[in-house]
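Enquirer: One structure, as structure tokens, below. Some questions next.
The values are calculated or read from the model by the stated rules, or taken from the named source; none is laboratory data. Here the structure is a predicted model, which means the values were calculated and not measured. No Cβ is skipped: glycine too gets one built from the backbone with ideal geometry, and neighbour counts run over all protein chains shown. Ligands, DNA and RNA are stripped out before the accessible areas are found, and what is left, the full protein with its side chains, is counted by its heavy atoms. Shrake-Rupley method; radii C 1.70, N 1.55, O 1.52, S 1.80 Å.
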Amino acid sequence: MEDETPTLAVEDLKTHFFTKLGVAEAVNGVSFTVKKGEVVGLVGESGSGKSVTGFSIIGLVDHPGRVVEGKILFKGEDLAQADDDRMRSLRGRRIAMIFQDPMMTLNPVLRIDTQMIEAVQAHEQVSEKEARETARDALVQVGIPSPDERLKSYPHQFSGGMRQRVAIATALLHKPDLIIADEPTTALDVTIQGQILHEVQKLCRETGMSLIWITHDLSVVAGLADRICVMYAGQIVERGEISDVLDHPLHPYTNGLIGSVPSHNRRGQPLAQIPGMTPSLLNLPEGCAFHPRCPRADGACFVQPQVTEPAKLGHEVRCVHPHLEQA
Amino acid sequence: MSVFIIRRLLQSVVVIWVMSLLVFGGVYLIGDPIDMLINPEADQEDIDAAIRALGLDKPIHEQYWFFLINALKGDLGSSFIFNEPALQLILARMPATMELAFASLFISIFFGIPLGMWAGLHPESIAGRSIMTGSILGFSLPSFWVGIMFIMFFAVILGVLPSGGRAETTEFLGMQVSFLSWDGLSHILLPAVNLALFKLSLVIRLSRAGTQEVIHQDYIKFARAKGVSEKRVILVHVLKNILIPVVTILGLEFGSVIAFAVVTETVFAWPGMGKLIIESIDQLDRPVIVAYLMIIVFMFIVINLVVDILYSVLDPRVRLQDVKA
């Protein structure tokens, strides 16, 4: 199985935004692969380029941004070179996306059935009746009770969690090979978040689809992902198996992220923080973009660090001073 | 729904009553119609007789009471000049005004929405910018001047369209209309465009602003992520959302189009209500002025009600039983 073409292989992806103030290098040389049936977590703060990476894959980067370099190999086909028609036929059929805010992903003036049936008919020449059946089955699959009635409702008649289920059901309509989930549980209550996570995990196992889970919340990916990529300022600074990265973080940024998660064990002690904030993409620091906030930075950090695997094969880090002693 | 409508109707009755007070009082203040109506050679006895005949010798509150009682019976008084019931006089002119108003509404919708959406989707393009510049002109040029320029250019210099008036009418669904013939269309074209200009600009700006707001919403991106064609994204997802403000504004504006067709009707000698009211004000024909204003108020109320109901059809989040007074 090792030589099988991965579902997705992103190679040196660069997506830049050409604004009036200058070029924002939102994604600047990102590479990762997603194998069949694998869940990959893409973790980072706001503005780290994780969402833009997702939108680049599905070909929906907003103006004035565009993919300027790199390959997005979806089952061997380079999506960065694909034309609009090809992308449209892949979107929703082979690659689907779930968005962050379920309150905003469904069109408020169209009924659920309209929005789901159009998604079916966008890729299959079927009658409205058949499309409705497909939509109904998808709602059942994500655990929505009385689906026939629900199909006739408008989005505002649903709760946030229900709407996200509808969005997930819509994404599942064509049994895609890859789902890109852009912080789909961030806007939800913890209990609902747990349900959705459980649901998605189950669906992944059942259907064998691959999943890219974009989030800023390490605790969410901890229980969900097989592998994890930590992004900072448009680059992947660390990636590897989920247990390697979380238990033995190499990059000071990953270490900081893990330290910022409140935990029962350290009750009463001050929560670790990463000082400062994410740099402006228009004005990135020289060398390693993290060095102004890094406790381990020195003169060597003014040079762009190379990716190394200092601790273990398959656990990569982009840092001159990785936390090796913990490994 | 029915509770909502009943409440609205009760509110409307109050509005109409208050309006009748204002209109009646206002017209009373304008001036004494006797000076205009009576032959200057007439002697005092004739004048007194005329005043009594018109009921103008009674104190104003009695006149108002008399007017109110008659109005409830559907009689808004008779024109001093034509000696015909004022209501009938106005209703006879109404189809012409309605035809003009609907023609300009049609132009505003069928040109305004596509142009505005185009400008919203391509804000940087030359066409998009030109549309927006044009809409500023439509807003700011005074409509009587544009009307006169239209006549000068199309009727006088080019000689392709008539300068004014309305063509022979034909019967259509029980109404007298003129737009069914080429001659009728050529007559209505200039006044309709003239009357539409302001609203066309308004619709363009609303549609553009709406499109630019909606196009960046997540649900548009989600629709694209589903693989829905760009055509359907624009014509269903975007259009249905921007229709909500457009319908509201157009509905409200439609009343004012009818009410203020006065200028266009005067410039193009269009035989509608607007022309009638100008003449009536000239001659202080009180009953016609009062009847006209009452009809306009009534029309505004009906239009607003229709807009509210339409609004709830377009926007599922507004269901009328939820509306609290």
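Enquirer: For A:Val120, which of the numbered conditions (1) at the interface with another protein chain (Cβ under 8 Å from one of its Cβ atoms); (2) touching an Asp or Glu at 6+ places or on another chain (Cβ under 9 Å) fails to hold?
Expert: Failing condition for A:Val120: (1).
Enquirer: Still on this structure: Pull up segment A:131-152, narrow it to residues that are within 29 Å of B:Ser312 (Cα to Cα) and assigned to a loop (DSSP other than H, G, I, E, B), then point me to the one that is least open to solvent (accessible area, probe 1.4 Å).
Expert: A:Ile144
Enquirer: Exactly one condition in (1) open to solvent by 10 Å² or more (accessible area, probe 1.4 Å); (2) away from every other protein chain (no Cβ under 14 Å); (3) closer than 30 Å to B:Ser2 by Cα is false for B:Pro271; which is it?
Expert: So the condition that B:Pro271 fails would be (3).
Enquirer: Could you please find all residues in segment A:16-37 being within 18 Å of A:Arg239 (Cβ to Cβ) and either open to solvent by less than 20 Å² (accessible area, probe 1.4 Å) or in a strand (DSSP E or B) (or both)?
Expert: Answer for segment A:16-37, where residues must be within 18 Å of A:Arg239 (Cβ to Cβ) and either open to solvent by less than 20 Å² (accessible area, probe 1.4 Å) or in a strand (DSSP E or B) (or both): A:Val27, A:Asn28, A:Gly29, A:Val30, A:Ser31, A:Phe32, A:Thr33, A:Val34.
Enquirer: Looking at (1) closer than 19 Å to A:Ala222 by Cβ; (2) among the hydrophobic types (A, V, I, L, M, F, W, C); (3) in contact with a Gly (Cβ under 6 Å, 6 or more places away or on another chain), which one does A:Leu246 not meet, given that it meets all the others?
Expert: (3)
Enquirer: For segment B:175-195, state whether one or more residues are part of a helix (DSSP H, G or I) and either within 14 Å of chain A (Cβ to nearest Cβ) or at positive phi (or both).
Expert: Scanning segment B:175-195, I find no residue that is part of a helix (DSSP H, G or I) and either within 14 Å of chain A (Cβ to nearest Cβ) or at positive phi (or both), so the answer is no.
Enquirer: Can you confirm whether B:Gly159 is assigned to a loop (DSSP other than H, G, I, E, B), in contact with a helix residue (DSSP H, G or I) (Cβ under 9 Å, 6 or more places away or on another chain) and at positive phi?
Expert: It is false that B:Gly159 is assigned to a loop (DSSP other than H, G, I, E, B), in contact with a helix residue (DSSP H, G or I) (Cβ under 9 Å, 6 or more places away or on another chain) and at positive phi.
Enquirer: Could you list, in sequence order, the residues of segment B:32-48 that are of a type in the set (Val, Ile, Thr) and either assigned to a helix (DSSP H, G or I) or more than 18 Å from B:Gln283 (Cα to Cα) (or both)?
Expert: Taking segment B:32-48 and keeping what is of a type in the set (Val, Ile, Thr), we get B:34, B:38, B:47.
Those that are of a type in the set (Val, Ile, Thr) and either assigned to a helix (DSSP H, G or I) or more than 18 Å from B:Gln283 (Cα to Cα) (or both): B:Ile34, B:Ile47.
Okay, residues lined up against (1) among the polar types (S, T, N, Q); (2) crowded, with 24+ Cβ neighbours inside 10 Å; (3) more than 7 Å from chain B (Cβ to nearest Cβ):
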residue: A:Arg86; (1), (2), (3): no, no, yes
residue: A:Thr105; (1), (2), (3): yes, yes, no
residue: A:Thr114; (1), (2), (3): yes, no, yes
residue: A:Lys129; (1), (2), (3): no, no, yes
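Enquirer: Mind telling me which of the residues A:Leu197, A:Leu178 ends up being more than 9 Å from chain B (Cβ to nearest Cβ), touching a residue at least 60 places away in the same chain (Cβ under 8 Å) and within 19 Å of the chain's Cα centre (by Cα)?
Expert: The conditions single out A:Leu178.
Enquirer: Then there is this: Do you know which residues across segment A:55-74 are more than 7 Å from chain B (Cβ to nearest Cβ), at pLDDT 90 or above and either at positive phi or outside any strand (DSSP E or B) (or both)?
Expert: A:Phe55, A:Ser56, A:Ile57, A:Gly59, A:Val61, A:Gly70 - these are the residues of segment A:55-74 that are more than 7 Å from chain B (Cβ to nearest Cβ), at pLDDT 90 or above and either at positive phi or outside any strand (DSSP E or B) (or both).
Enquirer: Any residue at all in segment A:217-226 that's charged (D, E, K, R) and open to solvent by 10 Å² or more (accessible area, probe 1.4 Å)?
Expert: Yes, there is a match, as at least one residue in segment A:217-226 is charged (D, E, K, R) and open to solvent by 10 Å² or more (accessible area, probe 1.4 Å).
Enquirer: On to the next question. Could you list, in sequence order, all residues of segment A:1-15 that are open to solvent by 40 Å² or more (accessible area, probe 1.4 Å) and without any contact (Cβ under 8 Å) to a residue 60 or more places away in the chain? If you could, list the steps in order and put the result at the bottom.
Expert: Initial filter on segment A:1-15 (open to solvent by 40 Å² or more (accessible area, probe 1.4 Å)): A:1-5, A:11-12, A:14.
Result: A:Met1, A:Glu2, A:Asp3, A:Glu4, A:Asp12, A:Lys14.
Enquirer: Find the residue count for segment B:219-250, including only residues that are open to solvent by less than 10 Å² (accessible area, probe 1.4 Å) and either more than 7 Å from chain A (Cβ to nearest Cβ) or of a type in the set (Gly, Ala, Ser) (or both).
Expert: Here the count works out to 8.
Enquirer: Something else: So which of A:Pro310, A:Pro295 ends up being part of a loop (DSSP other than H, G, I, E, B), surrounded by fewer than 17 Cβ atoms within 10 Å (Cβ to Cβ) and touching a Leu at 6+ places or on another chain (Cβ under 7 Å)?
Expert: Only one candidate passes the filter, namely A:Pro310.
Enquirer: Does any residue in segment B:112-134 that is part of a loop (DSSP other than H, G, I, E, B) come within less than 9 Å, Cβ to Cβ, of a residue that is of a type outside the set (Lys, Arg) and surrounded by 22 or more Cβ atoms within 10 Å (Cβ to Cβ) six or more places away or on a different chain, and which pairs are these?
Expert: B:Ser125/B:Ala119
Enquirer: Of all residues being hydroxyl-bearing (Ser, Thr, Tyr) and part of a loop (DSSP other than H, G, I, E, B) in segment A:174-216, which is surrounded by the fewest Cβ atoms within 10 Å (Cβ to Cβ)? Just the residue, please.
Expert: A:Thr186
Enquirer: Now for a separate question. Kindly list the number of the only condition in (1) open to solvent by 10 Å² or more (accessible area, probe 1.4 Å); (2) in a helix (DSSP H, G or I); (3) within 9 Å of chain B (Cβ to nearest Cβ) that fails for A:Arg93.
Expert: All conditions pass for A:Arg93, except number (2).
Enquirer: Are any residues in segment B:49-64 open to solvent by 50 Å² or more (accessible area, probe 1.4 Å) and in a loop (DSSP other than H, G, I, E, B), and if so, which ones?
Expert: B:Asp57, B:Lys58, B:Pro59
Enquirer: Within segment B:196-218, which residues are open to solvent by 40 Å² or more (accessible area, probe 1.4 Å), assigned to a helix (DSSP H, G or I) and without any contact (Cβ under 8 Å) to a residue 40 or more places away in the chain?
Expert: The answer is B:Glu213, B:Asp218.
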